[in-house]
Every structure is written in C-alpha cells, then in structure tokens.
Amino acid sequence: MTVAAMVAEFDDVAGWTADAVEQLGIRYAIPAACRGSASPAALAWLAEACELSPGTRLLDVGAGAGGPAAWAAERFGVRPILLEPMQAAGRAASRLFGLPVLTADGTRIPLRTGSVDAGWCLGVLCTVEDKAALLSEIHRVLTPGASLGLLVVVAEGPQILRVPDGNHFPTQDELAELLEHTGFTLLEQTSRPESAPLSWSRRVEQVNAVIAARHRSAAAYALAARQGERLTRLFASDQVSMQLIHAVSCPISK
Ligand SMILES: C[S@@+](CC[C@H](N)C(=O)[O-])C[C@H]1O[C@@H](n2cnc3c(N)ncnc32)[C@H](O)[C@@H]1O
C-alpha cells in the first residue's frame with residue numbers, strides 16, 4: 001500500500017492510538033481500535049450471523065489495530081488470528097490485546113488451505129483495488145461452509161464528492177457479483193445497525209483528543225483527518241452506505 005494518506009490513516013494513527021490507550025487505560029482499547037466504524041451493535045450482528053462460539057478460529061483480514069477481533073474474543077470466546085499489512089497497526093494490536101498478528105497482504109495469506117473456521121473483513125474491501133484476489137484468498141483458507149462477516153462501504157451511485165485517497169467503493173451489484181465469483185453465497189445483509197452508545201463513542205473521542213494534542217502538527221495527522229472528512233461527507237450526502245454482510249464459503253463452480 002503506497003498511498004501516503006492510507007499509510008497515515010491505517011499505520012500512523014494505529015500506533016498513536018495504542019500510545020493514547022496506554023495513557024488513558026485499557027478500557028479505551030477496544031472502542032479506539034475499531035477503525036472500520038464498527039459499533040458494538042454491528043459487531044454483535046456479525047458475530048451472531050457467523051455463529052461465533054468459544055474456540056472458533058476467526059481470521060480477521062485487514063484487522064487494523066485489532067479492536068473487532070479483541071471484542072469477538074472477549075464477548076464470544078473466539079481464538080482470533082489477525083492479518084494486517086501495516087506494521088505499526090499490527091504492533092498496536094499485539095501491544096493492546098496480545099493477539100497473534102500475521103503481517104501480510106490479504107491477497108497472500110500465509111495459512112494453509114481450509115485451516116480457518118470463520119473470517120471477518122471489516123472496512124477493508126473499499127481500500128483494496130483487486131477485491132476478487134482478496135476474497136478468493138480468504139475463500140481458500142476458510143473451511144468449506146465457513147462463515148464470512150463483511151462490513152463494506154458501498155457506492156450508492158456516482159461519487160460526485162472527492163473520495164478518500166486509494167478508496168474504490170463497489171456498488172451493491174458489483175459486490176454481489178464479486179462474492180458469487182469468488183465462491184461465496186450471500187446469505188444475509190443489513191444496513192448499519194444502531195450507532196455506538198455514548199459509553200463507547202466518548203472513549204473514542206477521548207483517545208482522539210489525546211492523539212490530536214500530541215500529533216496535530218504532523219503531516220500524517222492532516223492526511224488522515226482529510227481521509228476521515230471525505231468519508232464523512234460521502235455518508236452525509238448518501239453517496240455511500242455501510243453494509244453488514246454474512247456470506248458462506250461454498251465450492252466454486254467451474
Ligand atoms: C478501515 S481499516 C479497518 C481496520 C479494522 N478491520 C477495523 O474494523 O477496525 C482498513 C484496514 O484494511 C487494511 N488493508 C488495506 N489493504 C489490505 C490488504 N490488501 N490486505 C489486508 N488488509 C488490508 C488496512 O491496512 C487497514 O488496517
């Protein structure tokens with residue numbers, strides 16, 4: 001990933017987040033380390049849809065600083081494996097949650113074929129150009145019939161406003177076609193459930209305030225902030241929407 005704004009957003013901010021959580025306390029870790037805009041309600045929908053249970057080997061592809069996987073471990077007793085190409089983000093996840101992190105690209109997952117019980121990929125697809133390669137590789141490592149939980153920002157028509165650098169939002173039809181061609185059956189889909197409660201969003205705000213106080217003058221801070229502002233404007237003007245998807249891995253028909 002060479003887009004400077006994406007490195008700022010996904011790597012620099014992840015490292016700063018771990019530093020800020022160390023100052024504020026560990027109860028800030030999960031909300032602050034959910035960088036794909038997942039709320040507890042969204043995570044619960046995905047976890048229930050995927051029927052996660054104690055001991056499930058859950059691969060989180062594009063895990064970022066590890067908040068969603070840590071939430072699933074805490075609430076559902078899963079055994080997460082995180083995969084994240086950004087080094088500082090992976091280090092943040094290990095520091096905050098002590099979870100195993102594979103530093104790799106999602107199109108080349110260093111795991112055996114059929115070795116994983118369930119997959120999550122939250123807020124990642126729109127940041128990846130070759131979405132089919134990513135989904136095919138996730139399909140390879142999942143056991144047949146395994147669940148895949150996705151959080152996807154979907155284009156609701158042409159984006160007239162500027163999109164965050166490096167982002168390519170699929171339309172709903174493109175997403176459905178991609179899933180089918182990479183060996184997944186889309187079972188269920190919902191728009192973003194309720195937003196996060198104040199107990200969660202206030203912790204995120206406090207972490208963001210510490211990051212701003214320490215890094216406001218950094219070039220990476222301005223780049224990451226611009227990415228966030230562009231995405232917020234796209235949501236506000238209904239040019240994109242957030243979708244939660246439960247799909248299952250099935251044999252690919254040749
Ligand atoms: C919006 S963040 C979401 C992070 C995390 N899933 C969450 O919900 O908090 C997108 C993540 O996808 C990762 N990513 C981007 N391209 C990727 C790729 N080719 N393979 C795996 N992860 C990728 C980024 O490094 C970043 O951590």
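The table for this structure:
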quantity	calculated
Per-selection Kirkwood Rh - the chain (Cα, Å, 1 d.p.)	18.1
Accessible area per residue in Å² at 1.4 Å probe, computed on the chain	45
Part-to-part distance (alpha-carbon centres) for the range 30-57 and the range 63-86, which is given in Å	9
Residue-by-residue Karplus 3J(HN,Hα) for the range 229-242, coefficients 6.51, -1.76, 1.60, Hz, glycine and proline x	5, 5, 5, 4, 5, 5, 5, 5, 9, 6, 7, 9, 9, 9
Of all accessible heavy-atom area on the range 4-245, the percent that carbon and sulfur account for (1.4 Å)	50
Kirkwood Rh, angstrom, the range 12-56 [1 / mean 1/r, Cα pairs]	12.1
Extreme residue, positive dipole direction of the chain, given options GLN172, ALA32, ALA132 (C-beta unit charges)	ALA32
Cα-centre dipole for the range 11-147 with unit charges at Cβ (Lys and Arg positive, Asp and Glu negative), debye to 20	280
Kirkwood Rh in Å, taken over the range 71-153 so that all alpha-carbon pairs contribute	13.4
Between the range 225-254 and the range 90-133, the Cα center-to-center distance that results, in Å	17
Residues whose placed amide H lies under 5 Å from that of LEU102, excluding near-sequence neighbours	LEU82, LEU83, GLU84
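The values are calculated or read from the model by the stated rules, or taken from the named source; none is laboratory data. These figures come from a predicted structure and were not determined experimentally. Quick reminder, even Gly has a Cβ in these numbers, built from the backbone with ideal geometry, and neighbours come from all protein chains shown. Just so you know, the surface numbers come from the protein's heavy atoms only, side chains and all, with ligands and any DNA or RNA stripped out. Shrake-Rupley method; radii C 1.70, N 1.55, O 1.52, S 1.80 Å.
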